[in-house]
Amino acid sequence: MNNKELVIKAAKDVREHSYAIFSKFKVGAALITKNKKIYKGTNIESASYGLSMCAERNCIFNAYSNGVRKNDIVALAIVGKTKGSFAPCGACLQIMSELLNEDTPIYLVNLDRPKIIKEYTIKKLLPLQIGTKDIQK
Ligand code: THU
């Protein structure tokens, strides 16, 4: 399997571990590094709803927690299942804009239409964002 296939399969697999007990909206995310290591995350929900965390951020934070940095990341895949359009939330876009390179492929897969794999970059999904350069004095 190539990187794209590997990272999408990993995101589909980890989605099964989603802890979406309130929304029932399961999301899986996975990223692959240059040395072919895969890091995964799912959404985890809390009874204090606002404390819930999205799959993408859990995935990226997991990778960073293990020493991965943006230049190591080759691709990110996000898998959900929805009748409407599927896209990461704004908070995740902000984190992606800081922790991924701007041209890293982001694959969006909707299990309702699994053949359609949309490919984006964070530059395309969030053309304007605040970054570290903007908050330095
Ligand atoms: N969610 C994600 O994990 N990623 C997304 O891209 C969209 C939303 C989660 C948050 C919450 O647990 C559930 O999906 C419903 O919004």
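Miscellaneous remarks
- Restricting the search to helices (runs of 4 or more DSSP H) fully inside the range 44-137 and requiring at least 1 residues that are on the phi < 0 side of the Ramachandran plot and touching a Gly at 6+ places or on another chain (Cβ under 9 Å) gives 55-65, 90-99.
- Residue count for the range 37-69 under the criterion of being among the basic types (Lys, Arg) and under 13 Å from the mean Cα position of the chain (by Cα): the result is 2.
- Within the range 76-94, the residues that satisfy the criterion of being among the aliphatic types (A, V, I, L, M) and within 17 Å of ARG15 (Cα to Cα) are LEU76, ALA77, ILE78, VAL79, ALA87.
- Those residues of the range 1-24 which are assigned to a loop (DSSP other than H, G, I, E, B) and either surrounded by 13 or more Cβ atoms within 10 Å (Cβ to Cβ) or not hydrophobic (A, V, I, L, M, F, W, C) (or both), in sequence order: ASN2, GLU16, HIS17, SER18, ALA20, SER23, LYS24
- Qualifying residue in the range 111-133 (condition: closer than 21 Å to TYR19 by Cβ and within 14 Å of the ligand (Cβ to nearest atom)): yes
- A count restricted to the range 25-43 and to residues that are assigned to a loop (DSSP other than H, G, I, E, B) and among the polar types (S, T, N, Q) stands at 2.
- Restricting the range 1-13 to residues that are aliphatic (A, V, I, L, M) and without any contact (Cβ under 8 Å) to a residue 60 or more places away in the chain, the residue that is farthest from SER52 (Cα to Cα): MET1
- Check on CYS59, among the hydrophobic types (A, V, I, L, M, F, W, C), closer than 20 Å to GLU119 by Cα, within 9 Å of the ligand (Cβ to nearest atom) and modelled with pLDDT of 95 or more: no
- Scope the range 14-48; condition more than 9 Å from the ligand (Cβ to nearest atom) and either touching a residue at least 60 places away in the same chain (Cβ under 8 Å) or hydrophobic (A, V, I, L, M, F, W, C) (or both); matching residues: VAL14, ARG15, ILE21, ALA30, LEU31, ILE32, ILE38, ALA47
The values are calculated or read from the model by the stated rules, or taken from the named source; none is laboratory data. Fair warning: this is a prediction, and the values are worked out from it, not measured in the lab. Methodologically, a virtual Cβ is constructed for each residue, glycine included, from the backbone with ideal geometry; neighbour enumeration extends over all protein chains shown.
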